[in-house]
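Asks: One structure, as structure tokens, below. Some questions next.
The values are calculated or read from the model by the stated rules, or taken from the named source; none is laboratory data. The structure presented is a predicted model; accordingly, all values stated were derived computationally and were not measured. Glycine also receives a Cβ, built like all others from the backbone with ideal geometry; neighbour counts cover every protein chain displayed. Surface areas here come from the heavy atoms of the whole protein model, side chains and all, with no ligands, DNA or RNA. Shrake-Rupley method; radii C 1.70, N 1.55, O 1.52, S 1.80 Å.
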Amino acid sequence: MSNAVQTHSNDTFKKRVFSGIQPSGGLTLGNYLGAVKRFVQMQQEDYETIYCMVDLHAITTWQDPKKLKHNTRELAAFFIASGIDPDKSILFNQSGVSAHVELGWVFNCVARMGWMKRMTQFKDKAGKNAENASLGLFGYPALMAADILVYHATHVPVGDDQKQHLELTRDIAAKFNHDFGVDFFPMIEPVIGGPAARVMSLRDGSKKMSKSDPSDLSRINMGDDADTIAQKFRKAKTDPDALPSEEVGLEGRAEAKNLISIYAALGDQGVSDILSDVGGKQFSEFKPMLVERAVEKLSPISQEMARLMEDTSEIDRVLAKGVEKATAIAIPVLKETYEIVGILQP
Ligand code: TYM
């Protein structure tokens with residue numbers, strides 16, 4: 001490589017999507033509607049798409065070594081069963097491309113302690129005993145920025161809870177470009193929105209649906225069978241009123257809003273379209289419609305996941321190929337970063 005530092009202007013970046021999910025076990029309807037469903041859509045659009053199982057992020061909190069490999073393969077099965085086509089998208093696990101960690105280190109040196117301390121997800125995950133959280137959990141967003149920027153990705157589809165991390169990614173890119181006087185890393189665009197950007201708990205409409213909620217009734221898991229899905233929606237918290245026919249009528253009714261949003265997102269419809277159909281109905285009438293749609297959309301995915309998990313050699317082949325393709329994009333970006341920073345690369 002020559003000593004000249006190559007620069008880019010924003011519009012020269014190729015439209016490239018990157019996103020990741022942690023293989024920390026347990027996949028929920030929130031992961032599907034808030035993330036993977038959109039990943040599949042973007043794969044069909046005019047983007048190059050790269051999707052990653054972020055195993056190195058997963059170990060920022062304790063993972064049972066006996067389960068991590070299984071969870072990583074299961075996540076790959078979830079991607080594929082949901083419609084990610086390994087011939088169209090690059091699908092791989094993060095640890096396979098060491099450039100993530102190398103760029104992550106450079107970003108550790110760019111990001112400021114104060115920025116990290118403001119991350120609400122760190123505060124939530126570390127809980128009351130932050131002194132006892134891993135250093136990896138604290139530095140997590142810098143590695144996440146590296147995941148994205150090592151591909152010069154331009155668009156990042158995520159659920160609403162990742163918004164602050166993506167703002168930090170932009171801050172890191174901007175500070176790097178400014179400090180070194182280059183226009184090297186793109187200003188990424190978060191892709192967040194639609195009715196399912198924040199799928200809420202079925203037991204408490206003010207809390208996010210999450211695999212870590214102690215109550216299994218609070219979430220739909222991607223492996224739940226039809227009876228379990230039906231039971232969970234039947235028990236889902238609601239209020240005594242009939243459904244409104246317009247969106248304003250959902251204000252202050254978090255649980256109603258959540259169930260309607262899930263129904264809309266599952267059917268690729270808007271909330272207002274749904275309300276014009278179901279307005280006036282009681283939950284006792286609406287819930288069976290929701291169950292039917294959820295089972296119709298989710299069962300084929302769980303069945304295909306189970307099939308793929310019967311013989312995981314195909315998954316391993318897909319991931320090995322993905323690592324190869326991802327490495328080919330990441331290495332030149334890493335080398336150019338080192339060049340910009342002034343690292344000797346004999
Ligand atoms: P993770 O593994 O917690 O979640 C994966 C994706 O699922 C979305 N999601 C939800 N969306 C709507 N409603 C919910 N209840 C819900 N629960 C989860 C998340 O927003 C996310 O999009 N830090 C990331 C992983 C990551 C990453 C990246 C993402 C690492 N590097 C680079 C994008 C780009 C995380 O912990 O996601």
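Asks: Which ones in region 206-247 are more than 14 Å from Leu259 (Cβ to Cβ) and polar (S, T, N, Q)?
Replies: Of everything in region 206-247, those that are more than 14 Å from Leu259 (Cβ to Cβ) and polar (S, T, N, Q) turn out to be Ser206, Ser210, Ser212, Ser215, Asn221, Thr228, Gln231, Ser245.
Asks: Considering only region 13-26, state which residues are open to solvent by 20 Å² or more (accessible area, probe 1.4 Å) and either outside the structural domain of Ala326 (by TED's automatic domain parsing) or over 10 Å from the mean Cα position of the chain (by Cα) (or both).
Replies: Phe13, Lys14, Lys15, Arg16, Ser24, Gly25, Gly26 - these are the residues of region 13-26 that are open to solvent by 20 Å² or more (accessible area, probe 1.4 Å) and either outside the structural domain of Ala326 (by TED's automatic domain parsing) or over 10 Å from the mean Cα position of the chain (by Cα) (or both).
Asks: Identify the residue in region 183-193 that is hydrophobic (A, V, I, L, M, F, W, C) and in a loop (DSSP other than H, G, I, E, B) and, among all such residues, is surrounded by the fewest Cβ atoms within 10 Å (Cβ to Cβ).
Replies: Across region 183-193, the extreme among qualifying residues is Met187.
Asks: To continue, here is another question. Cβ-Cβ below 8 Å, separation at least six or inter-chain, first residue in region 259-273 and in the same structural domain as Thr28 (by TED's automatic domain parsing) and under 16 Å from Gly159 (Cα atoms), second open to solvent by 20 Å² or more (accessible area, probe 1.4 Å) and not in a helix (DSSP H, G or I): which pairs?
Replies: If the second residue must be open to solvent by 20 Å² or more (accessible area, probe 1.4 Å) and not in a helix (DSSP H, G or I), no pairs are left.
Asks: Turning to a different aspect of this structure: Taking the options Arg203, Arg234, name whichever one is more than 27 Å from the chain's Cα centre (by Cα), open to solvent by 80 Å² or more (accessible area, probe 1.4 Å) and either of a type outside the set (Lys, Arg) or not assigned by TED's automatic domain parsing to the domain that holds Thr28 (or both).
Replies: Arg234
Asks: Residues being modelled with pLDDT of 95 or more and within 12 Å of the ligand (Cβ to nearest atom): count how many of those fall in region 183-203.
Replies: 10
Asks: From Ala197, Ala226, Ala242, which residue is of a type in the set (A, V, I, L, M) and either exposed (fewer than 14 other Cβ atoms within 10 Å of the Cβ) or closer than 29 Å to Thr61 by Cα (or both)?
Replies: Exactly one residue qualifies, and that residue is Ala197.
Asks: A follow-up question, please. With (1) buried (at least 19 other Cβ atoms within 10 Å of the Cβ); (2) touching a helix residue (DSSP H, G or I) at 6+ places or on another chain (Cβ under 7 Å) as the list, and Lys88 as the residue in question, which single condition is left unmet?
Replies: Looking at each condition in turn, Lys88 falls short on (1).
Asks: Let me ask another. Considering each of Glu304, Glu324 in turn, give the residue that is within 21 Å of Leu91 (Cβ to Cβ), free of Cβ contacts under 8 Å to residues at least 24 places away in the same chain and either assigned to a helix (DSSP H, G or I) or assigned by TED's automatic domain parsing to the domain that holds Phe233 (or both).
Replies: Answer to the check: Glu324.
Asks: Grab the strands (runs of 3 or more DSSP E) fully contained in region 1-111, keeping just those with 2 or more residues being within 19 Å of Leu166 (Cβ to Cβ).
Replies: Passing ranges, in order: 16-21, 48-53.
Asks: Looking only at region 91-114, which residues are open to solvent by 20 Å² or more (accessible area, probe 1.4 Å) and under 16 Å from Ala58 (Cβ atoms)?
Replies: Asn93, Ser95, Gly96, Val101
Asks: Something else now. Taking the criterion of being assigned by TED's automatic domain parsing to the domain that holds Thr337 and in contact with a Pro (Cβ under 8 Å, 6 or more places away or on another chain), would at least one residue in region 98-113 satisfy it?
Replies: Within region 98-113, one or more residues are assigned by TED's automatic domain parsing to the domain that holds Thr337 and in contact with a Pro (Cβ under 8 Å, 6 or more places away or on another chain).
Asks: Which residues, counting only those in region 49-79, are open to solvent by 40 Å² or more (accessible area, probe 1.4 Å) and touching a residue at least 40 places away in the same chain (Cβ under 8 Å)?
Replies: Correct list: Leu56, Ile59, Thr61, Lys67, Arg73, Glu74.
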